[in-house]
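Readers should treat all values here as calculations from the given coordinates under stated rules, not as data from a laboratory. Keep in mind it's a predicted model, so treat the numbers as computed, not measured. With ideal geometry, Cβ positions are generated from the backbone for all residues, glycine too; neighbour counts draw on all protein chains shown.
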Amino acid sequence: MGIRERLSGNEAAAIAMKQINPDVVAAFPITPSTEIPQYFSTFVSNGQVDTEFVAVESEHSAMSACIGAEAAGARAMTATSANGLSLMWEMIYIASSLRLPIVLSLVNRAVSGPLNIHNDHSDAMGVRDAGWIMLFSESNQEAYDNLLMAHRIAEHKDVLLPLMVCQDGFITSHSIENIELLEDDKVKAFVGEYHPEHYLLNEKEPIAIGPLDLQAYLFEHKAQQGNAMKAAKKVIAEVSKEFEALTGRKYEFFESYKMEDAERVIVCMNSTAGTTKAVVDELREKGEKVGLIKVRMFRPFPAEEIAEALKGAKAVAVLDKSDSLNGAGGALFEDVVSAMYTNNIHVPTVNYVYGIGGRDTTTKEINSVYSDLNSVVGNDKVENPYRYLGLRG
Amino acid sequence: MAYNHKDVAANRPSRLTSGHRMCAGCGAPAVARMVLKAVKPEDHAVIACATGCMEVSTFIYPYTAWTDSFVHTAFENAGATLSGVEAAYKSMKRQGKLPEDNHTKFIAFGGDGGTYDIGLQSLSGAMERGHDMVYVCYDNGAYMNTGIQRSSATPRFADTTTSPAGSVIPGKMQSRKDLAKVMVGHHLPYVAQTLALGNFKDLYEKAEKAIYTEGACFLNVMAPCPRGWGYNTEDLMEINKLAVETCYWPLYEVVDGVYHITYKPTNKQPIENFLKPQKRFKHMFKPGNEWMIEEFQKEVDARWQELLDLEAMTNKAE
């Protein structure tokens, strides 16, 4: 019935990778995800995995090598953060365009500049349109569980897209929490073997990958990527159900926390959801109708489902741990607002950019958001919808 | 087995088929064809290409000129991409996920842009890690695919679109990087410099050694570009010959650190003979610019002498 352990988020990710036992891991160290390749190379050195570990000279090469390996017919994984993902950026797009189901463990950190090593989501938001499935994780347990589900989703024949599992740098990557691990054999059975249909190392059927793709075809190929992303929703739901049957741990596109009669709602991702739950519990005890939507599946974006979930709310605050610097609002805010608009749901909504560069976000601040929402309820037009939370005056 | 030109060039099928869109008179396809002919017919190959002329002319969706498996991802990372393929091969072979009799060779092609410049880091990483692969640089001495911009392989004084021969600055002012020696500094089992000369023997034999030497090997192959260099397309082989006879492009190999010059001209020709047929050096022949030819000659002489010294030194040590 599972193995009870105490692990940091990075340890949890590394253990998941050990149990998945990919054919190739290519990675380059960067804070705060460095421990993942460190732990993993120890597994390699001690013969606990069959993996070929490629200690590349940069993140650009890490993703390039993962692409080469996955195209060759192997299961390839990597881990990175912030500027590492920025350096990979070119290859991130190429990985998805070549329909290679690479799995990346992204430990979220602020992208330079100036240099900062702490958590926010600017790295993930920089690749939100890159054609990767993006799953966010509140805790070590969720980071582990999402990784175990990753290959089943990414490699599904209707999907064939790369996938990244996000967790918050330091906040979960370096915090030791209780976790329930699956036994190795159960992981092996659940994840299954990878049998790509076409691959470079198949000498019986040589293939060419990565053409010059001009006006006559690129549009169709991009539309195929888009359709695969749409198809991923169903697959994510199915794999999550199967995972629930195996572990008892339920995963949906997003978690609706005390949403039944909620009037004031916060939408956020990753570890801030834990802080928000504490506040929701506290306010509920006082009889306040507050709730939380914690987005797990950010790409594909569950637009229709989120709009439906927010239908009964009277005011919504979307928390973005990354500023889009566009003078209009953060990425999650824009997705949520556009989801509601296209589904003909009109709830006054505000955006809070918060926690930039690892700025602590406390229950007191989350409390202030719910309290601010009281003055948003009933607004026809929200004044100043694009706000900061926790910014010094 | 001794090189048999008829057997290799005429009888052995080309693994890069005709119908690709490289220019007439371009040196690169001849290099790719001959390198691939050195792969044993029974062996499979995975070829990686950096973005560049060769890639955009041989694999335009939905057509490919490559009969082996082929992968292209980006400009600066052929070394890293092929590292991943080779790592997958090692891993899958070890785990029994590939048939025992699957023998695959790994060959990367990059121009001087993708190799000397933007791809140098990725190349260096792949070579240092010792992946069992061959990286072949087809050096045409400038970024030809984007329209003849200078690279670190462009020779001094050459007229390119980003080092134009103007009234104040007479072409590229810097000397070219010696990439083969940079690779020798990686202590690779096999590094060679070659080109398509005469019956292709030098190129073929070096390719064969590189492909069938275990570990990371590197070939630097001069591949003239008629558009960038400004010669008549039918003169390709003559330009190659002059590069060798003037010692502009010496033919040599470095086996485990030991230098062997594989061709020493009996009468080293003056560098003018190589420069003259090329439009990119035209301005060097204007009255008053004799100093440029002298400087160029000095550099060629110094590099040739250095090579002779290295050969003497490394062989004495044996």
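In terms of the mean number of neighbouring beta-carbon atoms within 10 Å, the peptides A:12-24, B:220-232 order highest first as A:12-24, B:220-232. In a fully extended conformation the segment linking A:Ala245 and A:Glu304 would gain 18.7 nm over its present Cα-Cα distance, using 0.36 nm per residue. Sequentially through the range A:270-275, phi angles give Karplus couplings (6.51, -1.76, 1.60; θ = phi - 60°) of 6, 5, 4, 4, x, 4 Hz, Gly and Pro residues having no value and appearing as x.
Normalising by the residue count of the range B:46-196, find the relative contact order in percent from Cα pairs under 8 Å and 6+ residues apart.
Relative CO of the range B:46-196 lands at 19 percent.
I need the calculated FRET efficiency for the pair A:Ala216 and A:Arg6, taking r as the beta carbon distance and R₀ as 45 Å, to the nearest 0.05. Approximately 0.20, to the nearest 0.05. Taking the Cα centre of the range A:254-389 as reference, the dipole from Cβ charges on Lys and Arg (+1) and Asp and Glu (-1) amounts to some 160 debye. Result for chain B in a Gaussian network model with C-alpha springs under 10 Å: among B:Ile118, B:Ile60, B:Ile107, the largest mean-square fluctuation is at B:Ile60. Under the simplified labelling scheme, the B:Gln269-A:Ser368 pair shows an inter-label distance of 8.0 nm, with each label point 7 Å from Cα along Cα→Cβ. Inter-chain neighbour count for B:289-296: the average number of beta-carbon atoms from partner chains within 10 Å of each residue's beta-carbon is 0. Across q = 0.15 Å⁻¹, the range B:5-316 modelled as identical point scatterers on its alpha-carbon atoms has Debye log10 I(q)/I(0) values of -1.22, in the order of the q list.
Arrange B:Trp291, A:Trp132, B:Trp249, A:Trp89 by Cβ neighbour counts within 10 Å, fewest through most, would you?
Working: B:Trp291 10, A:Trp132 25, B:Trp249 21, A:Trp89 16.
With the fewest neighbours first, B:Trp291, A:Trp132, B:Trp249, A:Trp89 line up as B:Trp291, A:Trp89, B:Trp249, A:Trp132.
Computed packing ranks the peptides A:273-279, B:123-129, A:372-378, B:2-8 as B:123-129, A:273-279, A:372-378, B:2-8, most packed first, by mean other Cβ atoms within 10 Å. Compactness of the range A:333-393, taken as the C-alpha radius of gyration over 2.2 N^0.38 Å, stands at 1.23. Taking amide H positions as modeled 1.01 Å from N, with prolines and chain starts lacking one, the residues under 5 Å from A:Val350 and 5 or more places away or on another chain are A:Val316, A:Ala317, A:Val318. The antiparallel fraction among DSSP beta bridges confined to chain B stands at about 30%. In this simple spin-label approximation, B:Asn315 and B:Asn289 carry label points 7 Å from Cα along the Cα→Cβ vector, and these lie 3.9 nm apart. From helices alone, chain A scores -12500 deg cm²/dmol at 222 nm; the rule is -39500 (n - 2.57) for each run of n ≥ 4 DSSP H residues, then divide by the residue total. Rg/Rh, computed from the Cα trace of the range B:161-318 with Rh as the Kirkwood radius, has the value 0.99.
Sorted from longest to shortest, the spans of the Cα atoms of the range A:254-389 along the three principal axes equal 35, 34, 30 Å. Counting Cβ atoms of other protein chains within 10 Å of each residue's Cβ and taking the mean over peptide B:121-127 gives 4.
For the range A:254-389, relative contact order (Cα pairs under 8 Å, six or more residues apart, normalised by length) works out to 27 percent. Counting only other chain Cβ atoms within 10 Å of each residue's Cβ, the peptide B:90-100 averages 6.
Packing around the peptides A:246-259, A:106-119, taken as the average count of other Cβ atoms within 10 Å per residue, puts them in this order, highest first: A:106-119, A:246-259.
Scan chain B and note any complete DSSP helix (H) whose C-alpha atoms cover at least 30 Å along its axis and whose Kyte-Doolittle average is -1.0 or more. Don't skip to the end; give the middle numbers.
Details: long enough: B:290-316 (39 Å, -0.85).
Span-like helices here: B:290-316.
Measuring r between the beta carbons of B:Gln149 and B:Asn4 and using R0 = 45 Å, the FRET efficiency lands at 0.65.
Restricting the calculation to Cα atoms, the protein assembly as shown yields a radius of gyration followed by a Dmax of 29.3, 99 Å. Put simply, the amide H of A:Ala79, placed in the peptide plane, has neighbours under 5 Å in A:Phe28, A:Ser105, leaving out anything fewer than 5 places away on its chain. Among the DSSP beta bridges whose two residues both lie in chain A, what percent are antiparallel, rounded to the nearest 5? Approximately 25 percent, going by the DSSP bridge assignments.
Here each label is just a point 7 Å from Cα along the line to Cβ, and for A:Asn343 and A:Val377 those points are 2.2 nm apart.
I need B:His131, B:His283 ordered by Cβ neighbour count within 10 Å, fewest first. Spell out each step's value before the answer.
Numbers: B:His131 26, B:His283 17.
Lowest to highest Cβ neighbour count: B:His283, B:His131.
For B:Ala165, nonlocal amide neighbours, meaning residues 5 or more places apart or on other chains whose placed amide H falls under 5 Å from its own, are B:Thr160, B:Gly171. Per residue, the average separation of C-alpha pairs within less than 8 Å and at least 6 apart gives chain A a relative contact order of 16 percent. Charge dipole (Cα centre; +1 on Lys/Arg Cβ, -1 on Asp/Glu Cβ; no other charges) of the range B:5-316 amounts to roughly 440 debye.
Counting DSSP beta bridges with both partners in the range A:254-389, what percentage is antiparallel, nearest 5? Please report the intermediate quantities before stating the final value.
Working: 4 of 22 bridges.
Close to 20 percent.
Helix A:140-154 and the longest principal axis of the Cα set of chain A meet at an angle near 60°.
Computed from phi, the 3J(HN,Hα) profile of the range B:252-263 under the Karplus parametrisation 6.51, -1.76, 1.60 (θ = phi - 60°) reads 7, 9, 10, 9, 6, x, 9, 7, 10, 7, 8, 8 Hz, with x in place of Gly and Pro. Principal axis extents of the C-alpha atoms in chain A (largest first, rounded to whole Å): 66, 53, 44. To the nearest Å, what is the center-to-center distance of the range B:187-252 and the range A:14-79, using C-alpha atoms only? A separation of 37 Å, based on Cα centres. Note that the range A:279-293 has calculated 3J(HN,Hα) couplings of 6, 4, 4, 4, 5, 4, 4, 8, x, 7, 8, 10, x, 9, 10 Hz, one per residue in order, obtained from phi through the Karplus relation 6.51 cos²θ - 1.76 cosθ + 1.60 (θ = phi - 60°); glycine and proline are x.
Evaluate the range A:22-176: find the radius of gyration of its Cα atoms, find its Kirkwood radius, and give the ratio Rg to Rh.
With Rg and the Kirkwood Rh in hand, the quotient comes to 0.93.
Assuming R0 = 60 Å, what is the FRET efficiency of B:Glu42 and B:Glu299, from their Cβ-Cβ distance, to the nearest 0.05? E(calc), rounded to 0.05, equals 0.85.
Ordering A:Ile209, B:Ala210, B:Ala142 by the projection of their Cα atoms onto the charge dipole of the protein assembly as shown, which places +1 on the Cβ of Lys and Arg and -1 on the Cβ of Asp and Glu, puts B:Ala142 at the extreme positive end.
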